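Let me begin by presenting the structure, written as structure tokens, before commenting on it.
The values are calculated or read from the model by the stated rules, or taken from the named source; none is laboratory data. Here the structure is a predicted model, which is why all the values come from computation and not from measurement. In this analysis, Cβ positions are derived from the backbone assuming ideal geometry, glycine residues included, and neighbour counts consider all displayed protein chains.
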Amino acid sequence: MKILVAIKQVPARDSQLRIAGAGKWIEEADLAYEVNEPDAYALEAALQLKEKHGGEVIALSAGPARVAQTIREALAKGADRAIHIEEEMTSLDPLAAARLLAAAVKSEAPDLVLTGLQSDDLGYGQTGAILAELLGLPHATIVMQVEKVDGAIRVKREMEDGWFQHVEMPLPALLTIQSGISKLRYATLMGIKRAKTKEVKRLTAAGLGVSAESASVALDRIYVPEHSKHTQLFGGTPQEAAAQLVEKLRFEARVL
């Protein structure tokens, strides 16, 4: 069973973020980076499937040279090999990013493609579903459990209000994985040593025949939300003031 996992490198969650001078993105010079959390769970799901059913796990990541750190981590945890698309990704929308990933996935023809549900930096939650459409694969989102059956997979999807949906799908297929579906493993010392000898194929958008400037959505400006305080006094009797307060909480704050 060949499983390909798309992983993204994102700013560490405890990073101090500053807006870049142009106002279109954050200042990246002094940031620390880490694996996108939902993608880490997608990798764990792939490794568990490999341990049960055999095959190989391929890590796919796109981004500048610093992404090599994220790829090495995936290899150290147990991925067999990796593909690094050496392109800057901050200017790409979900469709453009999915086109880039799809070009690399097609040449591998995997049985199963896994992505995280969404990225911790932009949070679109669309790249996996668009990638499935471009590849012509059946897909399921918000997946909490994956089980391989004869020629197919059975998945458990998280729904609203504590409900779950169980779906059986033919292979090949694509799944977007929810965080927290299992306990993440740590890279062992032996795994870190072996990662140095594993294959990392380096590709570019031009080599894949995809335009790196094909984004149809652009970020015009980002900014830190402004915090303001507003005080309102309610007059009348205590009963009248309480009624006014309830009305504000119900129809303006919408917390009741």
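Got at least one residue in region 194-210 being of a type in the set (K, R), surrounded by 12 or more Cβ atoms within 10 Å (Cβ to Cβ) and touching a Lys or Arg at 6+ places or on another chain (Cβ under 6 Å)? Yes, because at least one residue in region 194-210 is of a type in the set (K, R), surrounded by 12 or more Cβ atoms within 10 Å (Cβ to Cβ) and touching a Lys or Arg at 6+ places or on another chain (Cβ under 6 Å).
Going through (1) of a type in the set (D, E, K, R); (2) surrounded by 12 or more Cβ atoms within 10 Å (Cβ to Cβ); (3) in contact with a Gly (Cβ under 9 Å, 6 or more places away or on another chain); (4) over 20 Å from V5 (Cβ atoms) one by one, E247 falls short only on (3).
No other residue among A104, A65 is free of Cβ contacts under 8 Å to residues at least 24 places away in the same chain and more than 12 Å from the chain's Cα centre (by Cα) apart from A65. In region 142-182, of all residues being in contact (Cβ under 8 Å) with a residue 60 or more places away in the chain and not aliphatic (A, V, I, L, M), the one that is nearest to L131 (Cα to Cα) corresponds to T176.
Within region 27-41, being over 14 Å from E73 (Cα atoms) and among the hydrophobic types (A, V, I, L, M, F, W, C) holds for A29, L31, A32. Within region 9-27, the presence of a residue that is surrounded by 20 or more Cβ atoms within 10 Å (Cβ to Cβ) and among the small types (G, A, S) is excluded. Filter region 50-78 for residues that are among the charged types (D, E, K, R) and part of a helix (DSSP H, G or I) and give the result. The answer is K50, E51, K52, R66, R72, E73, K77.
Only residues that are under 12 Å from the mean Cα position of the chain (by Cα), hydrophobic (A, V, I, L, M, F, W, C) and outside any strand (DSSP E or B) were counted across region 107-119, and they come to 1.
For the residues L122, L131, L175, the requirement of being assigned by TED's automatic domain parsing to the domain that holds L47 and assigned to a helix (DSSP H, G or I) singles out L131.
Could you identify the single residue in R18, R13 that is of a type outside the set (S, T, N, Q), under 23 Å from T141 (Cβ atoms) and modelled with pLDDT under 90? Spell out the reasoning first.
Values: R18 fails: under 23 Å from T141 (Cβ atoms).
Exactly one residue qualifies, and that residue is R13.
Checking each residue in region 186-229 for being more than 26 Å from G23 (Cβ to Cβ) and of a type in the set (F, W, Y) picks out only Y186.
Are any residues in region 67-77 under 17 Å from A6 (Cβ atoms) and not β-branched (V, I, T), and if so, which ones? Even if it seems obvious, please write down each step before you answer.
If we filter region 67-77 for residues that are under 17 Å from A6 (Cβ atoms), which is where we start, we get 67-75, 77.
Within region 67-77, A68, Q69, R72, E73, A74, L75, K77 qualify.
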